[in-house]
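Visitor: Let me give you the structure first, and then I'll get to my questions.
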Amino acid sequence: MRPRGPRTVTLPSADEAAAILKRMRGEVDSNSNYRSKSLKIHGPVCAKCGREFDAANIGLLTVHHRDGNHNNNAPDGSNWENLCNHCHDDEHSRGVLGEYLSK
């Protein structure tokens, strides 16, 4: 029989508690987190060329931040679009090419 009465419990520090809450709420800031959310919201399809991806080649699909701010990860996915490697490279090289041609 276990003795009844108060037990000593070690509580986490404020930082540890905040990290636990973020993990429980799914708010952990990591590339895989917003990537998986974007894939759930937008599906495994390139938003530009329409190519569909499966488990064998899903690594070729990237998440592009429309406003260029990688810290702007709205939960509704409004700042993300899934792009294949080719379309993602094209998207980021357009500004560079435009600057080059304007000179």
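The values are calculated or read from the model by the stated rules, or taken from the named source; none is laboratory data. Quick caveat, the model's predicted, so the values are computed rather than measured. Cβ atoms come from the backbone with ideal geometry, glycine included; neighbour counts cover every protein chain shown. What goes into the accessible areas is simple: the full protein's heavy atoms, side chains included, and nothing from ligands, DNA or RNA. Shrake-Rupley method; radii C 1.70, N 1.55, O 1.52, S 1.80 Å.
Visitor: For HIS42, state whether it is out of contact with any strand residue (DSSP E or B) (no Cβ under 6 Å at 6 or more places or on another chain) and surrounded by 10 or more Cβ atoms within 10 Å (Cβ to Cβ). Before the answer, list the steps.
Guide: Details: out of contact with any strand residue (DSSP E or B) (no Cβ under 6 Å at 6 or more places or on another chain): no; surrounded by 10 or more Cβ atoms within 10 Å (Cβ to Cβ): yes.
No: the conditions fail for HIS42.
Visitor: Quick one: in region 53-66, which of the residues that are assigned to a loop (DSSP other than H, G, I, E, B) and out of contact with any helix residue (DSSP H, G or I) (no Cβ under 8 Å at 6 or more places or on another chain) is least open to solvent (accessible area, probe 1.4 Å)?
Guide: Among those that are assigned to a loop (DSSP other than H, G, I, E, B) and out of contact with any helix residue (DSSP H, G or I) (no Cβ under 8 Å at 6 or more places or on another chain), it is ASN57.
Visitor: Continuing with the same structure: How many of the residues making up region 67-99 are open to solvent by 70 Å² or more (accessible area, probe 1.4 Å) and within 13 Å of the chain's Cα centre (by Cα)?
Guide: Qualifying residue count, region 67-99: 4.
Visitor: I would also like to ask the following. Which of (1) touching a residue at least 24 places away in the same chain (Cβ under 8 Å); (2) part of a helix (DSSP H, G or I) does GLU16 not meet, given it meets every other one?
Guide: Failing condition for GLU16: (1).
Visitor: Take region 49-83 and flag every residue that is touching a Leu at 6+ places or on another chain (Cβ under 9 Å) and either basic (Lys, Arg) or closer than 13 Å to ARG35 by Cα (or both).
Guide: Within region 49-83, ARG51, ILE58, LEU61, THR62, VAL63, HIS64, ASN82, LEU83 qualify.
Visitor: Continuing with this model, one more query. Which of (1) open to solvent by 50 Å² or more (accessible area, probe 1.4 Å); (2) in a helix (DSSP H, G or I); (3) touching a strand residue (DSSP E or B) at 6+ places or on another chain (Cβ under 8 Å) does CYS49 not meet, given it meets every other one?
Guide: CYS49 satisfies all of (1) open to solvent by 50 Å² or more (accessible area, probe 1.4 Å); (2) in a helix (DSSP H, G or I); (3) touching a strand residue (DSSP E or B) at 6+ places or on another chain (Cβ under 8 Å) except (2).
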